[in-house]
Ligand code: GLU
């Protein structure tokens, strides 16, 4: 039997990182077993669902590189089947009509210390089948409730092992509301069976729904899938991850400059491990190593520092053409980008290779690339104050000497370094006293990659003209 899994988000919000992790585990199981990954949008809650949210979820999956083999299918398209499954149970006597007013049922249940659904069952039994048919034929509205059989419900969960629930603790759930709409627990069973889903992998917040669903599979004579309930994602305080802990939408991490492969890598390690000490892993490594057997029961903490560290690792390893694409996209937010540079793949390769080891996010990379890509480029006030404005005559004199030395130099990192270090020796000062004012002139910053690499990347003409402009600018201080 080939593996068929589904990802079944409700489009009532953005793509939450917990939901994305559920999608990843499903996708990994499918990809590791040449199975099918089906996307089903559970849009039956019309009030809370929106096309915008559906789109946000599709965009998030697309960004994470989670492709689907079937779908997106919409749960609302299956309502007629959901209804007919409910009616099938009614005809078989495995469900009953509930005509009662919910408030009166609730009151009686409270009085008698019973579960409301058992009161509803009692009333249905008192009414009898014939009268129930008659009332329905007269057009009296009713909900359909599933009659939970006696005994206990057992199933095996791939993460939690053998599960047992006493049926006395399971309420006779409404499967069809009085307005004729099916409820989640029925729709999900009907759909998963219809789509021949073999494995249902979802968050363990659904664990309490599963015995109800298992009972429905059995009552309907449908084949049960294997269930796997994966642990919640926790915030740093050990509580369920929420906005209080920071960004929870996948899209927010995209905007912060996290790479999709890094996010994928990070999320895959929340509740799963490859069984060795690897953490930085490519998508192919993860597909190869993934197995449901290594999914943990315990919740795992969403550690933003680890995400940022992993992202840095991915930025360090990603092929230059891909990193250039990210840089180009990010650079659209910069002012005064030199169009000849941003189109020059070869030059950009040098740039990203110079900056990638210093960047933890794409945002970082773009910020560091700004003085290289832009003309004019901004100057940090702090850098101006520290290296030029404290003693302008000295700074100006030194930068002028540096300029003369650079002009006379061959334009390689080694030659430039020799020239500058030679000058520092002649002046009997530390090389830093020359390098800092020069760095401010060519990058506007307090810090940058090694100055000789910066000079070679900028190229002779650009670097010299920036140094000249620096001399003039100090003169005007
Ligand atoms: N639409 C449900 C949710 O988003 C799906 C649950 C399931 O996978 O069965 O929670």
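The ranking of 300, 104 by Cβ neighbour count inside 10 Å, starting from the fewest, reads 104, 300. Every helix of 4 or more DSSP H residues in the chain counts as -39500 (n - 2.57), and over all residues that averages to -15500 deg cm²/dmol at 222 nm.
Computed over the chain, the percent of Cα pairs more than 38 Å apart is 46. When DSSP beta bridges are restricted to pairs lying wholly in the chain, around 50% turn out antiparallel. Assuming a ≥ b ≥ c are the square roots of the Cα gyration tensor eigenvalues, decide whether region 8-47 counts as rounded (a/c under 1.5), prolate (otherwise, with a/b larger than b/c) or oblate. It comes out oblate by the Cα gyration axes.
When 16, 206 are sorted by how many other C-beta atoms sit within 10 angstrom of their C-beta, beginning with the fewest, the order is 206, 16.
Neighbour counts of other Cβ atoms within 10 Å put 40, 147 in the fewest-to-most order 147, 40. Gyration tensor over the Cα atoms of region 312-442: the corresponding equivalent ellipsoid has semi-axes (square roots of 5 times the eigenvalues, largest first) of 31, 17, 14 Å. A prolate overall shape is assigned to region 94-147, the ratio a/c of its alpha-carbon gyration tensor axes (a ≥ b ≥ c) being 1.5 or greater and a/b exceeding b/c.
Each reported figure results from applying straightforward, stated rules to the coordinates on display, with no laboratory input. All values derive from a computational prediction rather than experimental measurement. Counting neighbours? That spans all protein chains shown, and the Cβs are built from the backbone with ideal geometry, glycine included.
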